[in-house]
Structure formats: structure tokens, C-alpha cells
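K.L.:
I'd like to ask some things about the structure below.
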Amino acid sequence: MKSLASRLLPMPMHSVLLLVSWLILNNSVSPGHIVLGAFLAFTIPLLVSGLHTPQPGIRRYGLAVRYALMVMYDIVVANIEVALKIVGPLKNLQPALIAVPMDITNDLLLTVLASTISLTPGTVSAELSEDRKWLYVHVLNLEDEEALIRQIKQRYEKKLREMFEC
Amino acid sequence: MLTWAITIATGMVCIALLLNLWRLYLGPDVPDRILTLDTMYINSMAMIILFGIFLKSSLMFEAALLIAMLGFVGTAALCKYLLRGDIIE
Amino acid sequence: MNFYVELFVSILLVTGAGFVLIGSVGLIRLPDFYTRLHAPTKATTLGMGCLLIASMVLISFTKGAPSVHELLITLFLFITAPVTAHMLAKTALHYELGFTEKTKGKELAEKARERVSPADDA
């Protein structure tokens, strides 16, 4: 038997997110919008909680914020690099398809990692092997395969594992 | 200065949209065309936001948000269709 | 309005539009589908980010009250762009689109299509 609180608010984090995004969407903090947002934040999780599959939660929020900032910085820097490569001479380009070994098998972590790889310009995650051990990544300009794989593992995967602690 | 910046930016986005149209015509395969359509809806969002800045109104925001959502769903549905021959599995 | 605000917004607008344009130029110039995929999905995210921040700053200053709802579009784009890119890459692999001549590791495409690990001899 679940407690009353967990039955009334099956997904507390989602409720907070819904309320905040409702307020941002309406661009106001007037009492009327807070009441309406709170109503939506209360009812929508009740209606959709049946579809919810448990996922590992973030354990260390400080690390998550640092991860987001680091990815943001990487996006800006790498974007400028890719932009220069696009307008520069194309014959120096070395596209490649590489396979990156994965240590994590969890759905959510894999999704976050694949999205991070796709967001940082120059790499697109193309396909995941059925046993979830290899991620196929297309690279716009491959300089050093070892270094790229090491960067993905050290810079992103390790931090993600620390963040979710699994 | 701001008026000039808006004019230049709008011109650049216009050229980008024309280039997209050229790629849409060239093809050569269906995924290329989907990618181009995806780029086109993002570029038209840029256009709408520039127009909103020009009018100094936030009314255009809703239109941009709608295009973003419908465009994403459209691209995902087209990809699914090409992958499986079916949109809903 | 403050001169520096106007300067900041103008710079953001022109950079953002520049990134959008570069994305489309890449769409035309690059040789095969997989390389073309890199240009718009990325350059456009940063371009749109710049434009939306410019809109946020400008409307906040003209109305005198902070306007944050552009953040929603930015977040939405940053969440959906990698998903779209991944789905398109997957579609292209299963559609057996060709790579350009000098692509390294072309033989991996077969393995990726079968979704097996690269060491398997399928």
C-alpha cells in the first residue's frame, strides 16, 4: 500500500517542472496563473502516472549543473569549429564512422549520452548495437580516433555515471 | 543600428531559406529532403522571431513555439515511416 | 533605449543569422548525407539560441519587465535537435545511403545496420 502523499503526487519533480514551465510559458507570476499552473501540475501527473517507468534519479545536482554548463561550453566552441570547416576548403575534411564502446546500459543514461554526443557539433550518434555495448558515431572531421573515444568516455560518460551514481 | 541589424539578419535568413529550397530540389534521396524540411522549419522560426523583434512584440512567440513542436513531430513521424513503413508501431 | 543593449542585441542577431546561413551553406556544399546532417542540426541550434536570447533581452528592455518565455523554445530545440539528428542518421543507415569516397570505416555501416557489435562476423 502506497502512502497517501505518493498516491496524490506520484511524480513530484514532474509537478514542479510543469508548474515552472506553465509560469514561463505565460511569462507571469500572477496569483491566477499560479493557481491554474498548480491545478495542472497536480492533475496531469495523476492522469499519466500509469505510463511512468521508474528511472534512476539524479543523485548529485551540483554535478548535473556543472555537466550542463560544460556541455553548453563545448557546444559553443565546437559549433564555431564546425562553422569554420563548412566554409573552409572541403578537401581537408575526413568524415568517418566509428564504433564507441559503452559501459552504461541504462536507457536514460544512454539517451542522455547519445544526445550529448549529437549536440556537440562534429559528431552524430547514428545507431546503438542490440546488446547496448557499442554506439556507432558519425564524425565530420576525424583527427584521432583514440583521442575522440577517450574524450567521449572521460569527459561525458564518466561524469554521467558519477551524476546518477550507477 | 538595431533596424540595420534586423535587416541584415533577415536577409541572411532569406538566403538560407533559398539555399534550403535548392537542396530540396536537388534531393537526391528522401532522407535528404526530410533533413532539408527540418532545417527549413527551424529557419522559418528564425524568420518569425526576427519579425517579432522588428515589431517589438512577443505575440510571434506562440507561432514559433507551435512550429517548433509540429516540426519536430513531423520529422519524427516521417523518419519512423521510412524506417518501419508505419508511423504507429 | 540604452546604446549598449542595442549593440549587444545587434551583435547577437547578426551572429545568430550568420550561424543559420552557415548551416544552410553546409547543406548545399557538403558531399554526402551524413556530413550534411552535421551542418544544419548544429549550426541552427546555436543560431536559434543567439536569436532567442536577443529577442529575450530586447523585449525585456522595451517592456521593462523580464520576458523569459523564449527560454522554452531554446530548451525545446536543444532537447529535440539531437533526437531528430539521431533519427535521421538511423533512417539514412537503414536506407543504405552511400558515403563519400574518403569516409573512414565505411564497412562499419553494415554492422550498424544489423545492430551488432563491430567484432561480430555476421
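The values are calculated or read from the model by the stated rules, or taken from the named source; none is laboratory data. Small disclaimer: the values here were computed from a predicted structure and weren't measured. So basically every Cβ, Gly included, is an ideal-geometry build from the backbone, and we count neighbours across all protein chains shown. Ligands, DNA and RNA are stripped out before the accessible areas are found, and what is left, the full protein with its side chains, is counted by its heavy atoms. Shrake-Rupley method; radii C 1.70, N 1.55, O 1.52, S 1.80 Å.
Listed here are the residues, each with its yes/no results for (1) surrounded by fewer than 22 Cβ atoms within 10 Å (Cβ to Cβ); (2) more than 8 Å from chain A (Cβ to nearest Cβ).
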| residue | (1), (2) |
| --- | --- |
| C:A17 | no, yes |
| C:L37 | no, no |
| C:K42 | no, no |
| C:G49 | no, yes |
| C:V57 | yes, yes |
| C:T74 | yes, yes |
| C:H86 | no, no |
| C:T100 | yes, no |
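K.L.:
Could I ask something else about it? If you check B:S57, B:S44, which single one turns out to be within 28 Å of C:F8 (Cβ to Cβ) and in a loop (DSSP other than H, G, I, E, B)?
P.N.:
Among B:S57, B:S44, only B:S57 is within 28 Å of C:F8 (Cβ to Cβ) and in a loop (DSSP other than H, G, I, E, B).
K.L.:
For the range A:149-166, indicate whether the set of residues that are open to solvent by less than 80 Å² (accessible area, probe 1.4 Å), aromatic (F, W, Y) and over 27 Å from A:L63 (Cβ atoms) is non-empty.
P.N.:
Within the range A:149-166, not a single residue is open to solvent by less than 80 Å² (accessible area, probe 1.4 Å), aromatic (F, W, Y) and over 27 Å from A:L63 (Cβ atoms).
K.L.:
What are the residues in the range A:97-147 that are in a helix (DSSP H, G or I) and over 23 Å from C:T44 (Cα atoms), if any?
P.N.:
Correct list: A:D107, A:L108, A:L109, A:L110, A:E145, A:E146, A:A147.
Let's see how each residue does on (1) at pLDDT below 85; (2) open to solvent by less than 60 Å² (accessible area, probe 1.4 Å):
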{"site": "A:M1", "(1), (2)": "yes, no"}
{"site": "A:R7", "(1), (2)": "yes, no"}
{"site": "A:L19", "(1), (2)": "no, yes"}
{"site": "A:W22", "(1), (2)": "no, no"}
{"site": "A:N26", "(1), (2)": "yes, yes"}
{"site": "A:A38", "(1), (2)": "no, yes"}
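K.L.:
Further question: Mind telling me which of the residues A:L40, A:L4, A:L8, A:L36 ends up being of a type outside the set (V, I, T) and in contact (Cβ under 8 Å) with a residue 24 or more places away in the chain?
P.N.:
Criteria check complete, one pass: A:L8.
K.L.:
Would you point out the residue of the range C:88-98, among those that are within 9 Å of chain A (Cβ to nearest Cβ) and among the small types (G, A, S), that is farthest from C:P40 (Cα to Cα)?
P.N.:
Filtering the range C:88-98 for residues that are within 9 Å of chain A (Cβ to nearest Cβ) and among the small types (G, A, S), the one farthest from C:P40 (Cα to Cα) comes out as C:A92.
K.L.:
Checking the structure you have, find out if any residue of the range C:95-107 is part of a helix (DSSP H, G or I) and among the basic types (K, R).
P.N.:
Taking every residue of the range C:95-107 in turn, none turns out to be part of a helix (DSSP H, G or I) and among the basic types (K, R).
K.L.:
Write out, first by first residue and then by second, each pair whose Cβ atoms fall under 8 Å of each other, whose residues are 6+ apart or on separate chains, and whose first residue, in the range A:58-83, is within 11 Å of chain C (Cβ to nearest Cβ) while the second is assigned to a helix (DSSP H, G or I) and of a type in the set (S, T, N, Q).
P.N.:
Taking only residues 6 or more apart or on different chains, the pairs are A:V71/A:T116; A:I75/C:T45; A:N79/C:T45.
K.L.:
Can I ask one more? Considering only residues that are more than 7 Å from every other protein chain (Cβ to nearest Cβ) and surrounded by 22 or more Cβ atoms within 10 Å (Cβ to Cβ), which ones fall in the range C:102-122?
P.N.:
C:K111
Results for (1) without any contact (Cβ under 8 Å) to a residue 24 or more places away in the chain; (2) farther than 15 Å from A:I86 by Cβ, shown as yes or no for each residue.
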residue: C:V14; (1), (2): yes, yes
residue: C:G26; (1), (2): yes, no
residue: C:T44; (1), (2): no, no
residue: C:V57; (1), (2): no, yes
residue: C:V83; (1), (2): yes, yes
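K.L.:
OK, next. Kindly establish whether A:R66 is outside any helix (DSSP H, G or I) and of a type in the set (D, E, K, R).
P.N.:
Values: outside any helix (DSSP H, G or I): no; of a type in the set (D, E, K, R): yes.
In short, no.
K.L.:
Condition first: in contact (Cβ under 8 Å) with a residue 24 or more places away in the chain, touching a Pro at 6+ places or on another chain (Cβ under 7 Å), open to solvent by less than 40 Å² (accessible area, probe 1.4 Å) and within 8 Å of chain C (Cβ to nearest Cβ). Can you find one or more residues in the range A:94-116 that meet it?
P.N.:
yes
K.L.:
If you go through the range C:26-46, how many residues are of a type in the set (V, I, T) and under 17 Å from A:N141 (Cα atoms)?
P.N.:
Residues meeting the conditions: 2.
K.L.:
If you don't mind, there's one more thing I want to ask. What number of residues within the range B:36-56 are facing chain C (nearest Cβ under 8 Å) and over 10 Å from the mean Cα position of the chain (by Cα)? If you could, list the steps in order and put the result at the bottom.
P.N.:
From the range B:36-56, those facing chain C (nearest Cβ under 8 Å) are B:36, B:38-39, B:42-43, B:45-46, B:49-50, B:52-53, B:56; that's our starting set.
With the extra rule that they be over 10 Å from the mean Cα position of the chain (by Cα), the set shrinks to B:49-50, B:52-53, B:56.
Residues meeting the conditions: 5.
K.L.:
Would you please list the contacts, defined by Cβ atoms under 8 Å and residues six or more apart or on different chains, that run from a residue in the range B:9-27 that is closer than 18 Å to C:Y34 by Cβ and modelled with pLDDT under 90 to a residue that is open to solvent by 50 Å² or more (accessible area, probe 1.4 Å) and of a type outside the set (A, V, I, L, M, F, W, C)?
P.N.:
B:G27/B:R33
K.L.:
I'd like to know if the range C:42-57 contains one or more residues that are in a helix (DSSP H, G or I) and either out of contact with any helix residue (DSSP H, G or I) (no Cβ under 7 Å at 6 or more places or on another chain) or farther than 21 Å from B:I49 by Cβ (or both).
P.N.:
No, the range C:42-57 has no match at all.
K.L.:
Determine whether B:D38 is closer than 29 Å to C:L97 by Cα, charged (D, E, K, R), touching a residue at least 12 places away in the same chain (Cβ under 8 Å) and surrounded by 20 or more Cβ atoms within 10 Å (Cβ to Cβ). Show your work before the answer.
P.N.:
On the way: closer than 29 Å to C:L97 by Cα: yes; charged (D, E, K, R): yes; touching a residue at least 12 places away in the same chain (Cβ under 8 Å): yes; surrounded by 20 or more Cβ atoms within 10 Å (Cβ to Cβ): yes.
So B:D38 fits the description; yes.
K.L.:
Any residue in the range A:73-93 that is open to solvent by less than 30 Å² (accessible area, probe 1.4 Å), at pLDDT 80 or above and under 27 Å from A:I24 (Cα atoms)?
P.N.:
yes
K.L.:
Sticking with this structure for a sec: Quick check on B:I67: is it hydrophobic (A, V, I, L, M, F, W, C) and under 25 Å from C:L7 (Cα atoms)?
P.N.:
No; evaluated as a whole, the condition is false for this residue.
K.L.:
While we're looking at this one, here's another question. Being under 18 Å from A:M70 (Cα atoms) and over 18 Å from the mean Cα position of the chain (by Cα) is the requirement here; does A:I149 meet it?
P.N.:
Values: under 18 Å from A:M70 (Cα atoms): yes; over 18 Å from the mean Cα position of the chain (by Cα): yes.
Against the criterion (under 18 Å from A:M70 (Cα atoms) and over 18 Å from the mean Cα position of the chain (by Cα)), A:I149 qualifies.
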